[in-house]
Amino acid sequence: MDFRVMGLDSPLFSTLQHMMDLTDETDKSFNAPTHSYVRDVKAMAATPADVKEYPNSYVFIIDMPGLKSGDIKVQVEADNVLVISGERKREEEKEGPKYVRMERRVGKLMRKFGLPENANTDAISAVCQDGVLTVTVQKLPPPEPKKPKTIEVKIA
């Protein structure tokens, strides 16, 4: 709202107008996603994965074409979150042939998975073969059922 249009052109109203304008700008900047957040969301959306459950393990299968094992990171974050990430960099153009078309994806690849409570985060293995990463997370053994406790009844 512009107070000058209403004929209120005093310093007090212009200060109020300035404060209201700042509030609008601040709201826009706080609500806007950060660049890294947008990049991570795009990376997760562009990285398809298959998840299988076996009797003793969970297996995550992710296509990581063109990446070497040193370019891939498998981590477990707090709260049992499995993070699989990597980055394929663009080849440097050298003297000679130039690209006519470039369709292969470059950039960050990433997926996050919430692991169930029975996942053993100390028993995780990862193997990358022919551009396919297979991460195996072993399950914890089921807890032993509690035996009933017998309480001796004393005669008073």
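The values are calculated or read from the model by the stated rules, or taken from the named source; none is laboratory data. Because the structure is a prediction, the values reported are computed rather than measured. So basically every Cβ, Gly included, is an ideal-geometry build from the backbone, and we count neighbours across all protein chains shown. Ligands, DNA and RNA are stripped out before the accessible areas are found, and what is left, the full protein with its side chains, is counted by its heavy atoms. Shrake-Rupley method; radii C 1.70, N 1.55, O 1.52, S 1.80 Å.
Without any contact (Cβ under 8 Å) to a residue 40 or more places away in the chain and either open to solvent by 80 Å² or more (accessible area, probe 1.4 Å) or not acidic (D, E) (or both): does that describe K146? In short, yes. In this structure, does G86 turn out to be part of a strand (DSSP E or B), open to solvent by less than 80 Å² (accessible area, probe 1.4 Å), in contact with a strand residue (DSSP E or B) (Cβ under 7 Å, 6 or more places away or on another chain) and not polar (S, T, N, Q)? So G86 passes the test. For region 58-83: of the residues being modelled with pLDDT under 85 and open to solvent by 50 Å² or more (accessible area, probe 1.4 Å), which is farthest from V132 (Cα to Cα)? Here the answer is D79.
Answer yes or no: is there a residue in region 125-133 that is open to solvent by 80 Å² or more (accessible area, probe 1.4 Å), in contact with a Lys or Arg (Cβ under 7 Å, 6 or more places away or on another chain) and modelled with pLDDT of 90 or more. Break it down stepwise before answering.
Here is the first cut: in region 125-133, the ones open to solvent by 80 Å² or more (accessible area, probe 1.4 Å) are 127, 129-130.
Filter once more, so that each one left must be in contact with a Lys or Arg (Cβ under 7 Å, 6 or more places away or on another chain): none.
Within region 125-133 (the criterion being open to solvent by 80 Å² or more (accessible area, probe 1.4 Å), in contact with a Lys or Arg (Cβ under 7 Å, 6 or more places away or on another chain) and modelled with pLDDT of 90 or more), the answer is no, since none of the residues qualifies.
Of all residues in region 50-70, exactly one satisfies the criterion of being under 17 Å from the mean Cα position of the chain (by Cα) and not in a strand (DSSP E or B), namely M64.
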